[in-house]
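First comes the structure, then the notes that go with it.
What follows draws every value from the coordinates through simple rules; no lab data is involved. All figures in this text were calculated on a predicted structure; none of them were measured in a lab. A quick note on method: Cβ atoms are made from the backbone with ideal geometry, for glycine too, and the neighbour counts reach across all protein chains shown.
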Amino acid sequence: MRPMRIALAASILLNVFLIAAAVGGAVWLHSRPRIVAAGSLRFLGDDFPTTQRRAFMRGLRETRRTLRPIALDARQARSDAADQLRRPELDEAALSAALERLRNDEIKIRTAIETRAVALAAALPLKERQKLAEAVAHPVRVRQRFRWWPF
């Protein structure tokens, strides 16, 4: 009878631990800010009030959606450059052309995202623009705040 009680207690303890871990993970996933992958700009609107943060992120998301064909071309250019480098005989002209296409696409993407961010920032009140200025001036601190993995 005693081994059965020990097994029951261990089972209950394990189940409580697993339930707590699942609830903690769900709370963590639900409470963390949603991030739009837009380079370092994705962190800039995190200190805004909810409605302004949503508008800022929505604007960046829409811009990113419209830039998808350029991003796909940039990905293909990167793949073409890698293929050129893998070949036994390097075709310098083809490699240079692929890298130039990649560079031009990345410049187009960055320009469009920054232009959209400027338009969104222009619509913000001074208080939020000051927060934005602080985030731009100190991007490392902003990024470190989202670091949760200890390694």
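Translational D (Stokes-Einstein, µm²/s) of the range 77-118 at 10 °C and 1.306 mPa s when Rh comes from the Kirkwood sum over C-alpha pairs?
141 µm²/s
Would you mind computing, in nm to one decimal, how far apart the modelled labels at I6 and E100 are, each placed 7 Å from Cα along Cα→Cβ?
My value for the distance between the label points is 7.7 nm.
Round to the nearest 0.05 the FRET efficiency obtained for R61 and A21 when R0 = 30 Å and r is the Cβ-Cβ distance.
Values: r = 32 Å, r/R0 = 1.05.
In this case the efficiency is close to 0.40.
Just to verify a number: FRET efficiency for T115 and D83, C-beta to C-beta distance, R0 = 41 Å, to 0.05?
In this case the efficiency is close to 0.80.
Arrange the following residues from fewest to most other Cβ atoms within 10 Å of their Cβ: I19, I113, I70. Working shown, then result.
Working: I19 10, I113 20, I70 16.
Fewest to most other Cβ atoms nearby, the residues stand as I19, I70, I113.
How many nm is it between the label spots at W28 and L90, if each spot is 7 Å from the Cα in line with the beta carbon?
So the label points at W28 and L90 sit 4.4 nm apart.
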